[in-house]
Amino acid sequence: MHVLIVFACFMASAARSAPLPESGSALVEDPRFQEILQRSRSLTQKILDSIADTHSSCVHTETLKLDSSDIGRFSTMAANIGIPSAPVLSAVSENFTLETGLRVMHDGLQLHQGLLSSIAPRLAEKDKVVALMSDVRDLKIQIVKMQKMNQSHIAAPPTLGSVELRLPGEFEVQVAAHLTLVQLQAFSWDVARCLRSLDHSAGDDDNQS
């Protein structure tokens, strides 16, 4: 886990050092955009902070640990259950535009909101999952606001698409909850890095860390 944190900090630093394309600079500098960005960063951190407790509350199978590095062994089961992979999110650059970044963030949050919504009814303890799902929804709404400010993009409405999962038994429910939370955690780290690369006040955070 320590290695992951160090790597994340390195990636965030590299992302901030890359110049933002001119097409997105004016929008990012807009105070209204920065205000929404700050709210989005806070919500992203809230999601990351709550995932461990959420996992503990609903995943009770001993072999399913949130910090396990042996996720690959569940790839076949993930496919059988019907859990799609999260879209790939990179820092905004000449090759990955602001429009693309916002769209990927929206689509990834939409995916995980749908997954959590499909799994929650099958859980004995769902309160923390429902709360997490609410935070994911709220973050998606903030991303939509940024999309709407980007005049070159027609933002998708903040609606929830259904995700059909095959969950015949309790073990499949446990695996689905585990894999969804692991994937949401990794995607949220990417969202946090991408948002931080756009935040004009991020340099102050670095000086304090």
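Does Ser85 satisfy the criteria of being closer than 12 Å to Thr180 by Cα, surrounded by 11 or more Cβ atoms within 10 Å (Cβ to Cβ) and not aliphatic (A, V, I, L, M)?
So Ser85 passes the test.
Which residue pairs have Cβ atoms closer than 9 Å, lie 6 or more positions apart in sequence or on different chains, and pair a first residue in segment 166-187 that is more than 15 Å from Ala79 (Cβ to Cβ) with a second residue that is basic (Lys, Arg) and modelled with pLDDT of 95 or more?
Correct list of pairs: Glu170/Arg122; Val173/Arg122; Ala177/Arg122.
Please give the helices (runs of 4 or more DSSP H) falling wholly within segment 1-78 in which 2 or more residues are of a type in the set (Lys, Arg) and either over 22 Å from the mean Cα position of the chain (by Cα) or at pLDDT below 90 (or both).
On the way: elements: 2-17, 22-29, 31-58.
In segment 1-78, no matching helices (runs of 4 or more DSSP H) lie anywhere.
Go through the residues of segment 201-208 one by one and say whether even a single one is in a helix (DSSP H, G or I), within 20 Å of Lys46 (Cβ to Cβ) and at pLDDT 95 or above.
For segment 201-208, residues in a helix (DSSP H, G or I), within 20 Å of Lys46 (Cβ to Cβ) and at pLDDT 95 or above: absent.
Is it fair to say Arg122 is among the basic types (Lys, Arg) and within 15 Å of the chain's Cα centre (by Cα)? Don't jump to the end; show me each part of the working.
Working: among the basic types (Lys, Arg): yes; within 15 Å of the chain's Cα centre (by Cα): no.
Considered against the rule, which asks whether it is among the basic types (Lys, Arg) and within 15 Å of the chain's Cα centre (by Cα), Arg122 comes out as no.
Residue by residue, here is whether (1) open to solvent by 20 Å² or more (accessible area, probe 1.4 Å); (2) more than 16 Å from Ser188 (Cβ to Cβ); (3) touching a residue at least 60 places away in the same chain (Cβ under 8 Å) holds:
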position: Asp53; (1), (2), (3): yes, no, yes
position: Ser56; (1), (2), (3): yes, yes, no
position: Thr61; (1), (2), (3): yes, yes, yes
position: Thr76; (1), (2), (3): yes, yes, no
position: Leu115; (1), (2), (3): no, no, yes
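Here are some conditions: (1) part of a loop (DSSP other than H, G, I, E, B); (2) farther than 24 Å from Ala26 by Cβ; (3) modelled with pLDDT under 95; (4) of a type in the set (A, V, I, L, M). Ala91 meets all but one. Which one does it not meet?
The single condition Ala91 does not satisfy is (2).
List the number of the failed condition for Ala124; all other conditions in (1) open to solvent by 80 Å² or more (accessible area, probe 1.4 Å); (2) closer than 14 Å to Arg41 by Cβ; (3) at pLDDT below 95 hold.
(2)
Inspect segment 35-49 for any residue being among the polar types (S, T, N, Q) and open to solvent by less than 40 Å² (accessible area, probe 1.4 Å) and give the result as yes or no. Walk me through it before giving the result.
So the first thing to find is which residues in segment 35-49 are among the polar types (S, T, N, Q), and the list is 38, 40, 42, 44-45.
Checking the rest, the ones that are also open to solvent by less than 40 Å² (accessible area, probe 1.4 Å) come to 40, 44.
Looking for residues that are among the polar types (S, T, N, Q) and open to solvent by less than 40 Å² (accessible area, probe 1.4 Å), one finds at least one in segment 35-49, hence yes.
If a residue must be open to solvent by less than 30 Å² (accessible area, probe 1.4 Å), over 18 Å from Leu27 (Cα atoms) and modelled with pLDDT of 95 or more, how many such residues does segment 128-164 contain?
Number of matching residues: 6.
Can we say Asp107 is modelled with pLDDT of 95 or more, surrounded by 13 or more Cβ atoms within 10 Å (Cβ to Cβ) and of a type in the set (Asp, Glu)? Write out each step before concluding.
On the way: modelled with pLDDT of 95 or more: yes; surrounded by 13 or more Cβ atoms within 10 Å (Cβ to Cβ): yes; of a type in the set (Asp, Glu): yes.
Answer is yes for this residue.
The values are calculated or read from the model by the stated rules, or taken from the named source; none is laboratory data. Predicted, not measured: the structure shown is a model, and the values here were computed from it. Cβ sites come from the backbone with ideal geometry, for glycine too, and all protein chains shown count toward neighbours. Remember, those area values only see protein heavy atoms, side chains included, never the ligands or the DNA or RNA. Shrake-Rupley method; radii C 1.70, N 1.55, O 1.52, S 1.80 Å.
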